[in-house]
Amino acid sequence: MSDPVADSRTRPADDWWRSAVVYQVYPRSFADADGDGTGDVNGIRARLPYLADLGVDAIWISPWYPSPLLDGGYDVADYRDINPEFGTLADADALIAEAHALGLRILIDLVPNHCSWEHPWFQAALKAGRGSAERDLFWFRDTKDGGPPTNWPAAFGGGAWQQIEDGQWYLHLFDISQPDWNWDNPKVIEEFDAILRFWFDRGVDGFRIDVADSMAKDPTLPDVPLHNGEPTREKYVGNPFYDQPGVHTIHQRWRAIADEYADTPQGARVFVAEAWLSPAERLAQYVRPDELQSAFNFDALRATWDAKDLREVIDHTTENLWAVGAPATWVLSNHDTIRHRTRYGRDKRDALEGAGVVPTDLQLGLRRARAAALLELALPGGAYIYQGDELGLPEVEDLPEDVLDDPTWERSGHTVRGRDGCRVPIPWSGTEPPFGFGPGTGQPWLPQPADWSGLTAESQAGDPDSHLSLYKAALRIRRDHPALGDGRLVWDADAPAGVLSFTREPGFRCVVNISDAPVTLPPHQEVLLASDQLADGVLPVDTTVWLAV
Ligand code: ISL
């Protein structure tokens, strides 16, 4: 039997996504061309040369659609237009063309589980009344036992049902402003087919699918069990709103649509699933040959800076994804999580939680973030870089309460600050805010720390030892080296405890020292790149080296 991963290296460029490095743009916070304090499409266009020079293969743009931005744009009011705060459809068309001219692919975000309460179909459903065809596009139900139809909790706090004036309730698994679509209704299915085609026809190369595991619901609407007295959002097998079998029918349908584009110059279009599903056996179901091509590997994001943890995640991921012929992906941060420079600067094992209350060593975090970048980019498969990862940005944990914008802050009754700390606008240049985020001195929608002048792209560009220079060097080597990208790895038997060491053919070895003492470098021809200074044939703690062997 042929090996699907090994074969892929000889497949046509259609398989670009198997080894792509994808850069995530969060449009509100990337670059502001018109100076209103909010990032925009023309800001992204202006920075395309930066991204091409950085050396990524593709850009994924978080939602840019018309939206009241009550969940940062994941509350979509119109799936076929651009938020006027961000620009116009003509700007988006120009961006797609300019990116392609620079050799960059464009992925955009599809939010199929829910829309915004401003979406015209939801507004019509509110007016149409119980039992109407309009309400059947969503999950409207009557009161049960004097309360909501189920005990399901919403993601940002509180229950997942909101009661309206006539007494019915609608389902919102996320914010109250994000009503869930009813995917049992054929009109919803057809509408999303048309949305995919709308953007594919405009030239986008693919979609990141938001909460790709939640569209299908158990129509009997059973309650979820209580944990510590509270209804759980845990994704246990059989959860009525996560990982239901029906989601796979939807993904198969979308894959067929993407494959219709195989004969266009860009080739078949692609998907990456956002589904926080563990273990990898479950995630692998989403990337079977007739479903989505790839999925974010959040086990890698969740793993702590620990050799045993990381090795387990790498092995488990690759075993399960390779079994279905899919490449692994590697993710360290995104717009929903505490930035990894900050996480890796903490002792706490589950450093994803506890913003602002855990002692953090940002110098240690930076050192580990450098080592992690070289590990991530050496592993087989695709890799994701969240905007600002390449600058070594930390989480901003001291945003004033009055600027917090994440719905989590309000819905948790001001107990959980939420995700704004990883969404602070990018520092591009200059010595004080807005650090070139927008023209002039106007301040961005979230304030930047005054001490970020050493982190700007401009200040790092000229410094060969900067975080940005490390990323650029790594991406250049990754692009040229035949061992990197898609393929296999073999663990080296001679690695000391606490050291991750693997070889990729031809002639490449990656060694990561996560032990508590320096280790001797294994025999090699040449050091290709190291995340920090190497001393005399020795690899210091929290350092990664790429070797030619
Ligand atoms: O719901 C969860 C756990 O109970 C989360 O893991 C959830 O899958 C994740 O937060 C989904 O995030 C995505 O969809 C959200 C949006 O707020 C995030 O920014 C987006 O990445 C709703 O659209």
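The values are calculated or read from the model by the stated rules, or taken from the named source; none is laboratory data. Everything quoted here is computed from the prediction, not taken from an experiment. Neighbour counts are summed over all protein chains in view; Cβ atoms, including those assigned to glycine, are modelled from backbone coordinates with ideal geometry.
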ask   = How do the pairs read when you match residues in the range 68-91 that are more than 11 Å from Thr38 (Cβ to Cβ) with residues anywhere that are within 13 Å of the ligand (Cβ to nearest atom) and outside any loop (DSSP other than H, G, I, E, B), using Cβ under 6 Å and keeping only pairs 6 or more apart or on different chains?
value = Asp71/Pro407
key: Failed criterion for Glu234 (all others in (1) modelled with pLDDT of 95 or more; (2) within 23 Å of the chain's Cα centre (by Cα) hold)   = (1)
message = Can you tell me which of (1) free of Cβ contacts under 8 Å to residues at least 60 places away in the same chain; (2) buried (at least 16 other Cβ atoms within 10 Å of the Cβ); (3) assigned to a helix (DSSP H, G or I) is the one Gly454 doesn't meet?
response = (2)
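If you go through the range 144-154 one residue at a time, do you hit one that is outside the structural domain of Val272 (by TED's automatic domain parsing) and in contact with a helix residue (DSSP H, G or I) (Cβ under 8 Å, 6 or more places away or on another chain)?
Yes, the range 144-154 contains a residue that is outside the structural domain of Val272 (by TED's automatic domain parsing) and in contact with a helix residue (DSSP H, G or I) (Cβ under 8 Å, 6 or more places away or on another chain).
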query = Can you tell me which residue in the range 420-438 is nearest to Gln460 (Cα to Cα), limited to those that are of a type outside the set (D, E, K, R) and either outside any loop (DSSP other than H, G, I, E, B) or not assigned by TED's automatic domain parsing to the domain that holds Thr337 (or both)?
reply = Cys422
query = Taking the condition assigned by TED's automatic domain parsing to the domain that holds Asn297 and surrounded by fewer than 24 Cβ atoms within 10 Å (Cβ to Cβ), does Glu397 pass?
reply = yes
query = Given the range 310-419, what helices (runs of 4 or more DSSP H) lie entirely inside it while holding 2 or more residues that are among the polar types (S, T, N, Q) and free of Cβ contacts under 8 Å to residues at least 60 places away in the same chain?
reply = none
request  = Return the total of residues in the range 216-237 being surrounded by 20 or more Cβ atoms within 10 Å (Cβ to Cβ) and either acidic (Asp, Glu) or away from the ligand (no atom under 12 Å from the Cβ) (or both).
outcome  = 2
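So which helices (runs of 4 or more DSSP H) are wholly in the range 46-134 and hold at least 2 residues that are touching a strand residue (DSSP E or B) at 6+ places or on another chain (Cβ under 6 Å), more than 16 Å from the ligand (Cβ to nearest atom) and modelled with pLDDT of 95 or more?
On the way: elements: 48-54, 89-101, 120-128.
Qualifying helices (runs of 4 or more DSSP H): 89-101.
Could you say whether any residue in the range 204-213 is among the hydrophobic types (A, V, I, L, M, F, W, C), touching a Phe, Trp or Tyr at 6+ places or on another chain (Cβ under 7 Å), buried (at least 23 other Cβ atoms within 10 Å of the Cβ) and part of a loop (DSSP other than H, G, I, E, B)? Give the steps one after another, and end with the answer.
The initial filter retains those residues of the range 204-213 that are among the hydrophobic types (A, V, I, L, M, F, W, C), namely 204, 207, 209, 211-212.
Imposing the further condition that a residue be touching a Phe, Trp or Tyr at 6+ places or on another chain (Cβ under 7 Å) reduces the set to 207, 209, 212.
Filter once more, so that each one left must be buried (at least 23 other Cβ atoms within 10 Å of the Cβ): 207, 209, 212.
Filter once more, keeping what is part of a loop (DSSP other than H, G, I, E, B): 212.
Looking through the range 204-213, at least one residue is among the hydrophobic types (A, V, I, L, M, F, W, C), touching a Phe, Trp or Tyr at 6+ places or on another chain (Cβ under 7 Å), buried (at least 23 other Cβ atoms within 10 Å of the Cβ) and part of a loop (DSSP other than H, G, I, E, B).
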query = In this structure, does Glu190 turn out to be in the same structural domain as Arg417 (by TED's automatic domain parsing), free of Cβ contacts under 8 Å to residues at least 24 places away in the same chain and within 15 Å of the ligand (Cβ to nearest atom)?
reply = no
request  = Could you check, for the range 247-270, whether at least one of its residues is within 15 Å of the ligand (Cβ to nearest atom) and in contact with a Leu (Cβ under 7 Å, 6 or more places away or on another chain)?
outcome  = no
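Within the range 180-212, can you find the residues that are among the small types (Gly, Ala, Ser) and touching a His at 6+ places or on another chain (Cβ under 8 Å)? Full working, then the answer.
Quick first cut of the range 180-212, residues among the small types (Gly, Ala, Ser) only: 194, 203, 206, 212.
Result: Gly203, Ala212.
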